Amino acid sequence: MNDSDWRLPFPCNQASSKKRIRKIYYLRDGIQLERCLNNLRRLGVRPIRYLSHLGMVIGEYQAPVVPTESVPDVAYTEPDIRLTITEPYVGTMLSVKEQNLPWGVQMIEAPKVWSISQGRGVKVAVIDTGISADHPAIKDNYRGGVNILSPYFAPQDYNGHGTHVAGIIAGNGAGLGIIGTAPKTEVYAVKAFNRKGSANLSDLLSAINWCIENGMQVINMSFGMEKLSESLRQAIQIAHRRGIVMVAATGNRGLPSSIDFPARYPETIAVASVSREGVLSRFSNMGKGVDLAAPGERIPSAWLNGAKREMSGTSMAVPHVSGTIALLLQLNPYLNPEQIRYILLQSALKTSRLERVSVLNSYQAVEFYRRFWKR
C-alpha cells in the first residue's frame, strides 16, 4: 500500500462546522497497519494519508474533541504546523531579448563543464510552489511531478518561486538568457506550497515520500522554518539513507549564528548566499551547519507566463548547488550524499572576502572528482 491509496481530497463530513485539527502520527516499526488505523478511528481520528516510506499517518479529528488515549502502535505525534518558502527579494522583470549568460552560472564556472556533463538523465525534484511546465526555457527538461495540495490537478505554479528555482537548475533557453547550471537535467515539480508560498508540514512530508517513491536523486529545498520538527527530521534521515541528496536554504533573516530547518539537519547540504562581488549577502543566515555559499543576489531566471525576472535570496543560491550535483551525478550516478558533500566542500573556493564559508565552483567540483575520486 502506498500513500496514494489513502489520499482523501475532501473531508468526509463537509457539513460540519467544527474545526478539524490535523496531526502527524509516526508509527513504531513492525506494527500491523490496519490495527493501528482502527485504534486511531476508535479515538475519533480520521486517517487521510499514509506515507509508506516514512512510516507516518496523517490524521484529522474535530475540535473540541481531543483524543486522550494512547495508541500503542504510535511512537509519537506532532502538530501539523505551517511553514513558508524562504522568502526571496523579488526584483524587476527583465527583457527576454537579453541573451547574456546569468552571472551566477558564470561565477561558478558551470559552462566549463558542459562539454562533458550537462546533468543529462539526472532526476531533480523541486519541492516548491510548482513549475510552469510550458515556459520555453524549462519545457524541454520538465518531466512532470505531483500536486500534493490537489492530487487530481497538475503541479502548475501560480506563485513564480518554483519556476524561478527550476530555471536556475535546468533552464535551457539560450535565446532568452535563461541558462541553468545543468541545462539537460530532468526537473520534477513537487508542489507542496500554495500560491502564497506557504505549506503544511504534512504536505512537505508527503512531498518527501513522493520523492522516495519515484526515485528522485536530488531534492531542492528552497524553504525553511525556525522550529525543530521531529517528523521532518525523521523524513530527512530516511531520504538520506535512500541515497537522495538534499540541498536546503539557510534562510533570509540575516542571522549571524543561526540557520533554518531543514538546512540545520546534518543530512542536508546547507547553502548561504553571496553577491556578485563574492561577499556574503546581508540577508543570508549564517551559523553552525552551513556547508557552502552560492550566488543568490539579483539572479535572473524563468518566471510565470514565459517571462524572466530577477530575484534574490538563499532560495536562489540552493539551485546552483542542486544543478552542480546533477553535473556530478551524470558522471557517476552512484555517488552517495556524503561523497557529494565531500567533493563540493573540497572543491569550493576560499576567498579573502569570506572567512566562514567557501563558495561553490562547479568546474572545480567536477575536476576534483575526475582527478582525485574517479578510479
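The values are calculated or read from the model by the stated rules, or taken from the named source; none is laboratory data. Computed from a predicted model, the values in this text were never measured in an experiment. Virtual Cβ from ideal backbone geometry, glycine too; neighbours counted across all protein chains shown. Please note that ligands, DNA and RNA were not included when accessible areas were found on the heavy atoms of the full protein model with its side chains. Shrake-Rupley method; radii C 1.70, N 1.55, O 1.52, S 1.80 Å.
For the chain, what % of the accessible area comes from carbon and sulfur atoms, probe 1.4 Å?
Carbon with sulfur: 48 percent of the solvent-accessible area.
Calculate the dipole size of the chain relative to its Cα centre from +1 charges on Lys and Arg beta carbons and -1 charges on Asp and Glu beta carbons; express the result in debye to the nearest 20. Walk me through the numbers on the way to the answer.
On the way: 43 positive and 30 negative charges, 16 e Å.
Rounded to the nearest 20 debye, it is 80 debye.
Helix 201-213: angle to the longest alpha-carbon principal axis of the chain, degrees 0 to 90, nearest 10?
With rounding to tens, the tilt is 70 degrees.
Per DSSP H run of n ≥ 4, the term is -39500 (n - 2.57); total these for the chain, divide by its residue number, and report the mean residue ellipticity at 222 nm rounded to 500 deg cm²/dmol.
Working: 8 runs with 86 residues, N = 375.
Calculated from helices alone, the mean residue ellipticity at 222 nm is -7000 deg cm²/dmol.
Would segment 129-280 count as rounded, prolate or oblate if I go by the C-alpha gyration tensor, calling it rounded below 1.5 in a/c and otherwise prolate when a/b exceeds b/c, oblate otherwise? Display every interim value, and only then the final one.
Working: a/c = 1.60, a/b = 1.14, b/c = 1.40.
Note, shape of segment 129-280 comes out oblate.
For segment 172-232, state which trypsin sites (Lys or Arg not before Pro) are in a DSSP loop and have at most 15 other beta carbons lying within 10 Å of their beta carbon.
195, 196, 227
Among 241-249, 355-363, 74-82, 30-38, how do they line up by average Cβ neighbours within 10 Å per residue, starting with the highest? The partial results should precede the final answer.
Values: 241-249: 23.7, 355-363: 19.9, 74-82: 15.8, 30-38: 13.7.
Ranked by mean Cβ neighbours within 10 Å, highest first: 241-249, 355-363, 74-82, 30-38.
Name the residue, out of 334, 26, 50, whose mean-square fluctuation peaks in a Gaussian network model built on the chain with Cα pairs under 10 Å.
Judging by the Gaussian network model, the answer is 334.
How many Å² of accessible area per residue for segment 209-322, probe 1.4 Å? Walk me through the numbers on the way to the answer.
Details: 3590 Å² over 114 residues.
Value for segment 209-322: 32 Å² per residue.
Is the shape of segment 223-353 best called rounded, prolate or oblate, per the rule: a/c under 1.5 gives rounded, else a/b larger than b/c gives prolate, else oblate, with a ≥ b ≥ c the square roots of the Cα gyration tensor eigenvalues? Intermediate values should be presented prior to the final figure.
Values: a/c = 1.36, a/b = 1.19, b/c = 1.14.
Cα axes put segment 223-353 in the rounded bin.
When a/c is below 1.5 the answer is rounded, else prolate if a/b is larger than b/c, else oblate, so apply that to segment 277-368 with a ≥ b ≥ c taken from the square roots of the Cα gyration tensor eigenvalues. Walk me through the intermediate numbers first.
Values: a/c = 2.07, a/b = 1.17, b/c = 1.77.
Because a/c hits 1.5 or more and a/b fails to exceed b/c, segment 277-368 counts as oblate.
Which residue fluctuates most in the GNM of the chain (Cα springs below 10 Å): 281, 315, 301?
Result: 281 has the largest fluctuation of those listed.
Which one, 287, 160, 323, has the greatest fluctuation when you compute a Gaussian network model over the chain with C-alpha springs under 10 angstrom?
Residue with maximal mean-square fluctuation among 287, 160, 323: 287.
If the reach is capped at under 18 angstrom between alpha carbons, list the aspartates and glutamates near residue 350, excluding any in the same chain fewer than eight residues apart.
109, 277, 291, 367
Please determine, in degrees from 0 to 90 and to the nearest 10, the orientation of helix 161-170 with respect to the longest principal axis defined by the Cα atoms of the chain, where the helix direction is its Cα long axis.
Here the helix axis deviates by roughly 50 degrees.
Which pairs break 28 Å Cα to Cα here: 23/184; 191/227; 112/191; 23/227; 184/308?
Numbers: 23/184 39 Å; 191/227 22 Å; 112/191 32 Å; 23/227 16 Å; 184/308 19 Å.
Pairs exceeding the cut-off: 23/184; 112/191.
Where in segment 181-251 are there chymotrypsin sites (Phe, Trp or Tyr not before Pro) that are in a DSSP coil and have at most 14 other Cβ atoms within 10 angstrom of their Cβ?
Details: sites: 188, 193, 210, 223; in loops: 193.
Listed in order of number, the matching sites amount to none.
Ranked highest first by average number of other Cβ atoms within 10 Å, how do 125-136, 110-121 line up?
Averaged packing, sorted descending, gives the order 125-136, 110-121.
Relative to the first principal axis of the alpha-carbon coordinates of the chain, what is the inclination of helix 337-347, with its axis defined by its Cα atoms, in degrees from 0 to 90 and to the nearest 10?
That helix lies at roughly 30 degrees to the long axis.
Please report the antiparallel percentage of DSSP beta bridges with both residues in the chain, rounded to the nearest 5. Could you put the intermediate results ahead of the total?
Values: 35 of 60 bridges.
Of the beta bridges lying entirely in the chain, close to 60 percent run antiparallel.
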